[in-house]
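Chemist: Structure in structure tokens, see below.
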Amino acid sequence: QFRVFFLGFGIVCLWIAWARMTSIAAFASGYAAGPYRYYRLETMLTRDGGVGEDILGPGVSDFGVVGSSGCHPNASHAPSMDESVPASFSFPVGSSFLVGYPEARSMKGWYLATGTGPVAHDPAFFSVWATNDDPDLGKAECGSQRHSGSWWEGGDREEWCGAAWDRVGTPKWRFIHDAGVFGAEHGAIAWVRLPVELPLSRTKIEKFLLQPPSYLYYWNLVLPPFVFGMTLILSVFTSMLRVRSSSPYIPTIWGTPHGMVAWGMGFFVLCFVIGGSVAAANNVTHLAIECFVKVVPWTFFTVAIGRQGPQTWRWITFSTVLDLASSLVLVYWYHGDAFAFTPSLSGLVVLFLCLILFGLRRWELHKSRRLLEKDRKKYDALWESQCANEDNRACLEHLAKVVNMIGLRETDYC
């Protein structure tokens with residue numbers, strides 16, 4: 001039964017790895033959002049901590065979207081077809097910077113130029129909005145409207161200047177890797193409520209791409225389930241070889257099933273270490289932190305599998321709960337709500353496995369007690385028959401005196 005379960009679960013892990021890989025490939029190609037006619041950068045937090053009415057302007061001197069070339073307009077490159085038509089207008093409106101195009105266009109990201117005023121007014125957190133509705137810029141409230149509530153609060157859709165706007169960007173974001181696994185066509189990006197620090201130089205252009213290199217994700221999203229799935233499948237074949245083969249060399253060559261799983265989990269943890277290092281080298285700090293946080297619980301898991309003792313399942317459960325708790329903390333750090341997204345998929349799967357194994361263990365203990373019940377009844381009946389006879393009872397009492405005389409304790413049976 002365990003072999004069938006491990007084999008099936010290993011195949012599921014391989015399928016998840018393949019689905020994630022195709023999801024990342026689809027995400028990395030084409031556009032990230034659009035097409036929209038109007039785009040707007042809204043500053044919600046300034047470098048000096050200003051929010052709401054304290055924000056006097058957007059704090060940027062220029063803003064626009066990046067097309068299929070992945071370059072901003074001032075870069076030395078031949079503009080692509082979607083970038084050849086310039087914007088119809090671009091100017092600040094209140095705490096926002098608005099840009100409009102003659103026709104709806106898609107984008108891979110956006111660029112901004114730092115402001116010309118004090119650096120304290122630079123945006124530390126902003127949202128990029130898009131719409132195809134014509135905003136009514138003649139309304140007086142357009143310039144006075146500010147983001148209400150805390151700067152990190154708010155949904156992905158809002159009304160501004162008589163138009164409905166969709167959120168298409170924040171300074172930092174995360175890739176929802178399992179969107180492709182569960183068949184979601186879009187929504188692979190989750191906007192993260194983390195501030196950013198822009199350069200202190202004035203009118204300095206900064207580019208934000210929503211499609212960074214794929215290798216940022218392969219180490220921590222694709223390779224871990226692939227390694228784990230292959231480990232489970234190989235452990236099944238290892239156990240079959242150990243049972244069926246009479247050669248003493250087979251166990252030495254192939255190792256033990258739990259040893260195979262421990263080696264695989266070691267590579268599993270190594271993938272997160274490398275993924276975090278790659279993210280840190282590319283200045284994607286929040287992704288690096290996410291990877292390194294994963295290392296801690298799964299290191300406990302690996303050691304527990306490798307050592308194999310009476311406390312193994314307790315350590316496995318502890319590592320799983322630690323993984324789920326750390327994922328909730330990360331989601332809260334990202335979004336201000338610990339339950340904004342499903343916690344660690346790997347943690348949920350292993351916790352489900354632990355619950356199944358705990359239930360099977362309790363069931364086997366229950367069956368063992370039922371098997372021993374008949375023997376216990378026979379033993380009790382025999383004991384009662386022995387105690388009913390005066391001579392037998394006298395012999396038992398004499399035996400008890402002998403045991404006490406030679407100093408044996410009642411709890412020592414061997």
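Chemist: Among Phe339, Phe175, Phe301, determine the one that fluctuates most according to a GNM of the chain built with springs between C-alpha atoms less than 10 Å apart.
Modeler: Phe339
Chemist: So, one more: Measuring with a 1.4 Å probe in the full set of protein chains, what accessible area per residue, in whole Å², belongs to the chain?
Modeler: Here the per-residue accessible area is 55 Å².
Chemist: Using the crude model of +1 on Lys and Arg Cβ and -1 on Asp and Glu Cβ, and no other charge, please compute the dipole size for the chain relative to its Cα centre, in debye to 20.
Modeler: 1840 debye
Chemist: Still on this model: Provide the packing ranking of 324-334, 60-70, i.e. peptides ordered by the mean count of other C-beta atoms within 10 Å per residue, highest first. It would help to have the intermediate numbers written out before the result.
Modeler: On the way: 324-334: 17.8, 60-70: 20.3.
With the highest mean Cβ count within 10 Å placed first, the list reads 60-70, 324-334.
Chemist: Based on the Kirkwood radius over alpha-carbon pairs, what value in µm²/s does the Stokes-Einstein equation return for the translational diffusion coefficient of the chain at 37 °C and 0.692 mPa s?
Modeler: Stokes-Einstein gives a translational diffusion coefficient of 125 µm²/s.
Chemist: Within the chain, how many lysine pairs that are 8 or more places apart, or on different chains, have C-alpha atoms less than 21 Å apart?
Modeler: For the chain, qualifying lysine pairs total 8.
Chemist: Report the gain in length on full extension from Glu384 to Trp315: 0.36 nm times residue separation, minus Cα-Cα distance, nm rounded to one decimal.
Modeler: Gain on stretching Glu384 to Trp315: 20.3 nm.
Chemist: Ok, one more. In nm, to one decimal, how far is the modelled label at Leu348 from the one at Trp333, with both set 7 Å along Cα→Cβ?
Modeler: 2.1 nm
Chemist: Roughly how many Å is it from the Cα centre of the range 321-349 to that of the range 1-57, as a whole number?
Modeler: With the range 321-349 and the range 1-57 each reduced to a Cα centre, they are spaced 15 Å.
Chemist: In addition: Name the long-range amide H neighbours of Asn132: under 5 Å, sequence gap of 5 or more, or other chain; modelled H, no Pro or chain starts.
Modeler: Residues meeting the criterion, in which the H sits 1.01 Å from N, are Arg37.
Chemist: Of all the accessible heavy-atom surface of the range 295-352, with the other protein chains kept in place and a 1.4 Å probe, what percent is carbon and sulfur?
Modeler: 72 percent
Chemist: Mean Kyte-Doolittle of at least 0.5 and a Cα length of 27 Å or more along the axis: which whole DSSP H helices of the chain meet both?
Modeler: Result, helices passing both filters: 2-28, 223-244, 257-281, 285-307, 312-335.
Chemist: What ³J(HN,Hα) values, in whole Hz, does the Karplus curve 6.51 cos²θ - 1.76 cosθ + 1.60 give for the range 97-105 when θ = phi - 60°, with x put for Gly and Pro?
Modeler: 10, 9, 9, x, 10, x, 10, 4, 9
Chemist: Okay, next question. Can you give me the Cα centroid spacing of the range 193-211 and the range 81-144 in angstrom?
Modeler: Taking the Cα centre of the range 81-144 as reference, the centre of the range 193-211 is 15 Å away.
Chemist: When the Karplus curve 6.51 cos²θ - 1.76 cosθ + 1.60 is applied with θ = phi - 60°, which whole-Hz ³J(HN,Hα) does each residue of the range 152-166 get, with x for Gly and Pro?
Modeler: Those phi angles translate into 8, 8, x, x, 9, 8, 8, 9, 8, 6, x, 10, 8, 10, 9 Hz.
Chemist: On to the next question. Pull up all non-local amide H partners of Val66: gap of 5 or more, or a different chain, and H-to-H distance under 5 Å with H placed in the peptide plane.
Modeler: HN-HN under 5 Å from Val66: Lys108, Gly109, Trp110, Tyr111.
The values are calculated or read from the model by the stated rules, or taken from the named source; none is laboratory data. Model, not experiment: these values are computed from the prediction. Reconstructed Cβ throughout: ideal geometry from the backbone, glycine too, with neighbour counts over all protein chains shown. Each accessible area value is taken on the protein alone, full model and side chains, heavy atoms only, with ligands, DNA and RNA left out. Shrake-Rupley method; radii C 1.70, N 1.55, O 1.52, S 1.80 Å.
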